[in-house]
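Undergrad: Sharing a structure below in structure tokens format, with a few things to ask.
The values are calculated or read from the model by the stated rules, or taken from the named source; none is laboratory data. If you're wondering where the values come from, they're calculated on a predicted model, not measured in any experiment. All Cβ positions, glycine included, derive from the backbone under ideal geometry; neighbour counts span all protein chains shown. Keep in mind that these areas ignore ligands, DNA and RNA; they rest on the heavy atoms of the full protein, side chains included. Shrake-Rupley method; radii C 1.70, N 1.55, O 1.52, S 1.80 Å.
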Amino acid sequence: MTHKPQIKIPATYMRGGTSKGVFFRLKDLPEACQSPGEARDKLLLRVIGSPDPYQKQIDGMGGATSSTSKTVILAEPTQPDHDVDYLFGQVSIDKPFVDWSGNCGNLTAAVGAFAINSGFVAKDRILENGTCTVRIWQANIKKTIVAHVPITNGEVQETGDFELDGVTFPAAEVQVEFMDPADGEGSMFPTGNLVDDLEVPGVGTLKATMINAGIPTIFVNAEDIGYKGTELQDDINSDPKALAMFETIRAHGAVRMGLIQNIEEAANRQHTPKVAFVAKPSDYVSSSGKSIGAGDVDVLVRALSMGKLHHAMMGTAAVAIATASAVPGTLVNLAAGGGDRTHVTFGHPSGTLRVGAEAKEVDGQWTATKAIMSRSARVLMEGWVRVPGDSF
């Protein structure tokens, strides 16, 4: 039997925020994969090592978690006054599926650096020392994101003393602004309500805030589903019944948000919407052993990604948290103490995160103008990734 040899494709392995992913320039992909479709999906699945029934991704670059099963493709900008187009692919671990329905906010912090290093940003815009502003067109959700990337001696500064809970080592701070983060095609609250009664078979009728800002997210109260909001990954991910419950909530919420027509479609839309639960502040110990006091945070939030409780917080979900907290009356806002606010510090399994947001009500409709957070990013490895030539 004759097998095609491996091919090599220029790629960079990067950490952005609390995620890792394989970054490509569109023009470096094999010709058949430069357009959306089956060939591209098959290539990215093989790069990451999916589908893997063992759920380890041993034969690929993935790390067997939703946070490390990610791919990014950067291309020349299709929009005026932007530096680069950013397309994100969330790769399923155990299924032959790449979800293109949403953004990765964490990896956005790495997009700015990759864009500079890859020549997408004009050299005369890169100061010898200072900050380079990179305007990113997020092609999945058709939104503008602005990354402020530190520059030292004409190059991206990756090392520093900025600490991010969920990331072991400090690095340089990258401020990321999500401009007009709400869905431009409809209401920020797709049902028209700040809080809905969401009927979930086998669970009951839950109070839910369903918001489309950063990423479509369904928020429920922790106490309504038997939790405290202080849970760590093993408390949820080791419980098949709990995971099934959250997936049921997610599917029925997706229908109410108009993202899918029926609950069966949720299986093919794993990346969005997210489901999260909130609670008022209380003391807990993070996954690293760090003590988090009730006075350290405004609200507790736990969120699931690709069917599992996230080890920290997805960047896009952090945008949803910040935006929802800025709107009086949402479950997030109420758990945070209610009232008007322009920022929120929330507790997640790995620690805490402070995020800012601006929201306003116009003619009875809420809209978000901006959400801001600080992340960090660095190159882990660069060169080529290899895949069998018959992978796509």
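Undergrad: Given the residues Asn237, Asn268, which is the only one that is touching a Leu at 6+ places or on another chain (Cβ under 8 Å) and polar (S, T, N, Q)? So that I can check it myself, show each step before the final result.
TA: Working: Asn268 fails: touching a Leu at 6+ places or on another chain (Cβ under 8 Å).
Unique residue meeting the criteria: Asn237.
Undergrad: Give me the residue from segment 335-392 that is among the basic types (Lys, Arg) and over 30 Å from Asp41 (Cβ atoms) and, out of that set, modelled with the highest pLDDT. Step through it out loud before you land on a result.
TA: Quick first cut of segment 335-392, residues among the basic types (Lys, Arg) only: 341, 354, 360, 370, 375, 378, 386.
From what is left, the residues that are over 30 Å from Asp41 (Cβ atoms) are 341, 354, 360, 370.
Numbers: Arg341: 93, Arg354: 96, Lys360: 88, Lys370: 91.
Step by step, filter segment 335-392, then rank; the result is Arg354.
Undergrad: Mind listing whichever residues of segment 265-290 are under 23 Å from Arg250 (Cβ atoms), open to solvent by less than 10 Å² (accessible area, probe 1.4 Å) and of a type outside the set (D, E, K, R)?
TA: If the condition is that a residue be under 23 Å from Arg250 (Cβ atoms), open to solvent by less than 10 Å² (accessible area, probe 1.4 Å) and of a type outside the set (D, E, K, R), then Ala266, His271, Thr272, Pro273, Val275, Ala276, Phe277, Val278 are the ones that fit.
Undergrad: Considering only segment 155-173, how many residues are part of a strand (DSSP E or B) and either open to solvent by 50 Å² or more (accessible area, probe 1.4 Å) or under 14 Å from Val327 (Cβ atoms) (or both)? Before you say what the answer is, go through the steps one by one.
TA: Filtering segment 155-173 down to residues part of a strand (DSSP E or B) leaves 155-156, 162, 171.
Next, from what is left, pick out any that are either open to solvent by 50 Å² or more (accessible area, probe 1.4 Å) or under 14 Å from Val327 (Cβ atoms) (or both): 155.
Of the residues in that region, 1 qualify.
Undergrad: Check Val220, Val149, Val176, Val134 and return the single one that is open to solvent by less than 50 Å² (accessible area, probe 1.4 Å), part of a strand (DSSP E or B) and either closer than 26 Å to Val255 by Cβ or modelled with pLDDT under 95 (or both). Give the derivation first.
TA: Working: Val149 fails: either closer than 26 Å to Val255 by Cβ or modelled with pLDDT under 95 (or both); Val176 fails: either closer than 26 Å to Val255 by Cβ or modelled with pLDDT under 95 (or both); Val134 fails: either closer than 26 Å to Val255 by Cβ or modelled with pLDDT under 95 (or both).
Answer to the check: Val220.
Undergrad: What number of residues within segment 366-392 are crowded, with 17+ Cβ neighbours inside 10 Å, among the aliphatic types (A, V, I, L, M) and closer than 30 Å to His3 by Cα? Before you say what the answer is, go through the steps one by one.
TA: First, pick out the residues of segment 366-392 that are crowded, with 17+ Cβ neighbours inside 10 Å: 366-368, 370-378, 385, 387, 391-392.
Adding the requirement that they be among the aliphatic types (A, V, I, L, M) leaves 368, 371-373, 377, 385, 387.
From what's left, closer than 30 Å to His3 by Cα: 385, 387.
Of the residues in segment 366-392, 2 are crowded, with 17+ Cβ neighbours inside 10 Å, among the aliphatic types (A, V, I, L, M) and closer than 30 Å to His3 by Cα.
Undergrad: Tell me, yes or no, whether segment 321-329 has at least one residue that is without any contact (Cβ under 8 Å) to a residue 40 or more places away in the chain, open to solvent by 10 Å² or more (accessible area, probe 1.4 Å) and in contact with a strand residue (DSSP E or B) (Cβ under 9 Å, 6 or more places away or on another chain).
TA: no
Undergrad: Moving on. Which ones in segment 254-265 are more than 26 Å from Pro349 (Cα to Cα) and in a helix (DSSP H, G or I)?
TA: Hits for segment 254-265 are Val255, Arg256, Ile263, Glu264, Glu265.
Undergrad: For segment 13-46, which residues satisfy the criterion of being hydroxyl-bearing (Ser, Thr, Tyr) and surrounded by fewer than 22 Cβ atoms within 10 Å (Cβ to Cβ)?
TA: Our first condition is that a residue be hydroxyl-bearing (Ser, Thr, Tyr); within segment 13-46, this holds for 13, 18-19, 35.
Within segment 13-46, Tyr13, Ser35 meet the criteria.
Undergrad: Would you confirm whether or not segment 295-305 contains a residue that is surrounded by fewer than 19 Cβ atoms within 10 Å (Cβ to Cβ), part of a helix (DSSP H, G or I), at pLDDT 95 or above and more than 22 Å from the chain's Cα centre (by Cα)?
TA: Taking segment 295-305 and keeping what is surrounded by fewer than 19 Cβ atoms within 10 Å (Cβ to Cβ), we get 295-296.
Narrowing the set further to residues that are part of a helix (DSSP H, G or I) leaves 295-296.
Right, trim to at pLDDT 95 or above and you get 295-296.
Those still in the list that are more than 22 Å from the chain's Cα centre (by Cα) too: 295-296.
Checked against the condition, which is being surrounded by fewer than 19 Cβ atoms within 10 Å (Cβ to Cβ), part of a helix (DSSP H, G or I), at pLDDT 95 or above and more than 22 Å from the chain's Cα centre (by Cα), segment 295-305 yields at least one hit.
Undergrad: Checking the conditions here, which among Ser35, Ser50 is polar (S, T, N, Q), in a loop (DSSP other than H, G, I, E, B) and in contact with a strand residue (DSSP E or B) (Cβ under 6 Å, 6 or more places away or on another chain)?
TA: Values: Ser35 fails: in contact with a strand residue (DSSP E or B) (Cβ under 6 Å, 6 or more places away or on another chain).
The conditions single out Ser50.
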